[in-house]
Amino acid sequence: MGLWYPRGAPLSLTDYSNLHFASCKLDRKSTSGTCHLLGASLISWHKKKQACVALSIVEVEYIAAGTCCSHILCLKQHLGDFGLSLSKIPLKCDNTSAINLTKNPVQHSRTKHIQIRHHFIQDHVSNGDYEIQFMCFID
């Protein structure tokens, strides 16, 4: 078993982040998921019920994008060990408000409740490590 990469095809890392808002019927916590593609091959995926109950879809999408960001950092380090240097890695997200929150650190009073630990993604976007892009997901 292994991953097949065509000769001469560019190796680019593309990441996707998505969620199911309040998917657990017992505690109303959301489930977020991420997947990471190197070229056209899936190399990593992650699905987890979030630790806190979110007050809005924007908050859940933002937390899911932050989780994806941390996985990208790990993958970027591993790929660097193989001599692959990647920058401006696209992270696909389907919520424009969450995308705008990553690009604009000054937000309205509606986002003050989001914990500071989730805002590290803003730093990586401003440094050019990631490029958050909109993508419509169909369930």
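The values are calculated or read from the model by the stated rules, or taken from the named source; none is laboratory data. Given the structure is predicted, the values throughout are model-derived calculations rather than measurements. Please note: Cβ atoms are built from the backbone with ideal geometry, for glycine as well, and neighbour counts cover all protein chains shown.
Flag: LEU3 matches the condition of being more than 22 Å from CYS136 (Cβ to Cβ), in contact with a strand residue (DSSP E or B) (Cβ under 7 Å, 6 or more places away or on another chain) and not in a strand (DSSP E or B).
So, ILE57, is that one at pLDDT below 85, among the β-branched types (Val, Ile, Thr) and in contact with a His (Cβ under 7 Å, 6 or more places away or on another chain) or not?
Values: at pLDDT below 85: yes; among the β-branched types (Val, Ile, Thr): yes; in contact with a His (Cβ under 7 Å, 6 or more places away or on another chain): no.
Considered against the rule, which asks whether it is at pLDDT below 85, among the β-branched types (Val, Ile, Thr) and in contact with a His (Cβ under 7 Å, 6 or more places away or on another chain), ILE57 comes out as no.
Among the conditions (1) surrounded by 15 or more Cβ atoms within 10 Å (Cβ to Cβ); (2) touching a Cys at 6+ places or on another chain (Cβ under 7 Å); (3) not polar (S, T, N, Q), LEU38 misses just one, which is (2).
Considering segment 58-102 alone, what residues qualify as being of a type in the set (A, V, I, L, M), part of a helix (DSSP H, G or I) and within 11 Å of ILE132 (Cα to Cα)? So that I can check it myself, show each step before the final result.
Taking segment 58-102 and keeping what is of a type in the set (A, V, I, L, M), we get 58, 60, 63-65, 72-73, 75, 79, 84, 86, 89, 91, 98-99, 101.
Filter once more, so that each one left must be part of a helix (DSSP H, G or I): 58, 60, 63-65, 72-73, 75, 79, 98-99, 101.
Correct list: ALA65, ALA98, ILE99, LEU101.
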